[in-house]
Amino acid sequence: MTDPALAYDVTQFERPSVTADIVIFTLRHRTLQVLLIQRKAWPFEGQWAIPGGFVRMDETLEEAALRELQEETGVTDTALEQLRAFGDPGRDPRTRVITIAYTALIPSDRVILRASTDAADARWYPIDDLPLPLAFDHIQILEEAHKALRAKVEAGYVARGLLPARFTLTQLQEVYETLLGRDLDKRNFRKWILSLGILAQTTEEVRGAHRPAALYEFAG
């Protein structure tokens with residue numbers, strides 16, 4: 001009896017290429033910013049794009065994303081979250097390419113950007129001051145990632161990686177205001193954030209010109 005695995009014809013279906021693209025957000029100068037790389041090869045030579053590249057046959061999607069991020073920007077040790085797939089037939093002029101987009105939120109002061117491989121430059125750009133047009137369909141990917149980030153803010157923990165181990169409620173509110181792009185009422189914010197049960201008050205305080213401010217940390 002013929003082994004079905006040996007009889008299977010892998011050429012009966014066309015095989016599109018797969019890429020992994022990564023949207024990296026951070027807070028700089030009290031503004032939400034995104035990490036972009038400048039392409040130095042066709043297609044879209046000279047235009048800015050989110051980091052990413054082709055998935056190799058011997059690696060997982062996340063492994064490909066982490067590798068491309070390190071190769072193009074120098075960013076390492078980043079926890080990625082899968083956003084979704086983008087597969088419009090005309091999104092890449094090279095061939096039929098389906099991309100899996102990832103997102104991450106990291107503190108920019110822990111990152112030294114370093115462009116390499118097919119990236120001519122790597123920079124942080126304010127989300128409302130991008131070097132348009134972006135390459136491929138990356139503006140669509142970026143817009144969806146931004147929308148998803150704002151939705152995650154409601155869960156509370158999204159600010160965890162952007163603060164020191166211990167922080168004041170004022171510092172926490174400033175992060176939320178930057179992520180949401182609007183001012184928040186101080187009393188309502190504190191009532192809401194404390195009701196989530198994700199913070200633990202420490203015994204430490206910050207002393208300044210006004211009355212001491214309690215320091216908090218994320219529980220768990």
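Looking at (1) of a type in the set (A, V, I, L, M, F, W, C); (2) farther than 29 Å from I22 by Cβ; (3) open to solvent by 40 Å² or more (accessible area, probe 1.4 Å), find the lone condition where L196 falls short. Of everything listed in (1) of a type in the set (A, V, I, L, M, F, W, C); (2) farther than 29 Å from I22 by Cβ; (3) open to solvent by 40 Å² or more (accessible area, probe 1.4 Å), L196 misses just condition (2).
From the residues in segment 31-47 that are open to solvent by 20 Å² or more (accessible area, probe 1.4 Å) and outside any loop (DSSP other than H, G, I, E, B), which one is farthest from L113 (Cα to Cα)?
Of segment 31-47, the ones open to solvent by 20 Å² or more (accessible area, probe 1.4 Å) are 31, 38-42, 44-47.
So of that shortlist, the ones also outside any loop (DSSP other than H, G, I, E, B) come out as 31, 38-39.
Details: T31: 18, Q38: 12, R39: 15 Å.
Among residues in segment 31-47 that are open to solvent by 20 Å² or more (accessible area, probe 1.4 Å) and outside any loop (DSSP other than H, G, I, E, B), the one farthest from L113 (Cα to Cα) is T31.
Restricting attention to segment 147-163, which residues are crowded, with 18+ Cβ neighbours inside 10 Å and not small (G, A, S)? Those that are crowded, with 18+ Cβ neighbours inside 10 Å and not small (G, A, S): L149, V158, L162, L163. Of all the numbered requirements in (1) in contact with a strand residue (DSSP E or B) (Cβ under 9 Å, 6 or more places away or on another chain); (2) of a type in the set (K, R); (3) open to solvent by less than 70 Å² (accessible area, probe 1.4 Å), R123 misses one, and that requirement is (3). Right, T99: part of a strand (DSSP E or B) and touching a Ser or Thr at 6+ places or on another chain (Cβ under 6 Å) or not? Criteria met by T99. Every condition in (1) in contact with a Gly (Cβ under 8 Å, 6 or more places away or on another chain); (2) open to solvent by 50 Å² or more (accessible area, probe 1.4 Å) holds for T19 except the one numbered (2).
The residues on offer are Q171, Q140, and the sole one that is of a type in the set (S, T, N, Q), assigned to a helix (DSSP H, G or I) and surrounded by 15 or more Cβ atoms within 10 Å (Cβ to Cβ) is Q171. A single member of A159, A148 is within 15 Å of the chain's Cα centre (by Cα), in a helix (DSSP H, G or I), small (G, A, S) and over 11 Å from F218 (Cβ atoms), and it is A148.
In the set I112, I98, only one residue is farther than 15 Å from L142 by Cβ, surrounded by fewer than 13 Cβ atoms within 10 Å (Cβ to Cβ), more than 15 Å from the chain's Cα centre (by Cα) and of a type in the set (V, I, T); that residue is I112. Looking at this structure, is V55 open to solvent by 40 Å² or more (accessible area, probe 1.4 Å), more than 22 Å from H146 (Cβ to Cβ) and of a type in the set (A, V, I, L, M, F, W, C)? No, not satisfied.
The residues of segment 26-40 that are under 18 Å from D137 (Cα atoms) and either of a type in the set (A, V, I, L, M, F, W, C) or at pLDDT below 90 (or both), listed by number, are V34, L35, L36, I37.
Taking the conditions (1) hydrophobic (A, V, I, L, M, F, W, C); (2) touching a Phe, Trp or Tyr at 6+ places or on another chain (Cβ under 9 Å); (3) open to solvent by 80 Å² or more (accessible area, probe 1.4 Å) in turn, I106 satisfies each one other than (3). Inside segment 112-132, can you point out the residues that are assigned to a loop (DSSP other than H, G, I, E, B), in contact (Cβ under 8 Å) with a residue 40 or more places away in the chain and touching a helix residue (DSSP H, G or I) at 6+ places or on another chain (Cβ under 8 Å)? Result: L113, R114, A115, S116, T117, D118, I127, L130.
Does any residue of segment 69-78 turn out to be in contact with a helix residue (DSSP H, G or I) (Cβ under 6 Å, 6 or more places away or on another chain) and surrounded by fewer than 20 Cβ atoms within 10 Å (Cβ to Cβ)? Yes, the conditions are met somewhere in segment 69-78.
Of T11, T95, T2, T76, all but one fail to be at pLDDT 95 or above and of a type in the set (S, T, N, Q); the exception is T95. Say whether the condition of being charged (D, E, K, R) and open to solvent by less than 30 Å² (accessible area, probe 1.4 Å) is met by at least one residue in segment 86-94. Taking every residue of segment 86-94 in turn, at least one turns out to be charged (D, E, K, R) and open to solvent by less than 30 Å² (accessible area, probe 1.4 Å).
The values are calculated or read from the model by the stated rules, or taken from the named source; none is laboratory data. Keep in mind the model is a prediction, meaning the values are calculated, not measured. Please note: Cβ atoms are built from the backbone with ideal geometry, for glycine as well, and neighbour counts cover all protein chains shown. Each accessible area value is taken on the protein alone, full model and side chains, heavy atoms only, with ligands, DNA and RNA left out. Shrake-Rupley method; radii C 1.70, N 1.55, O 1.52, S 1.80 Å.
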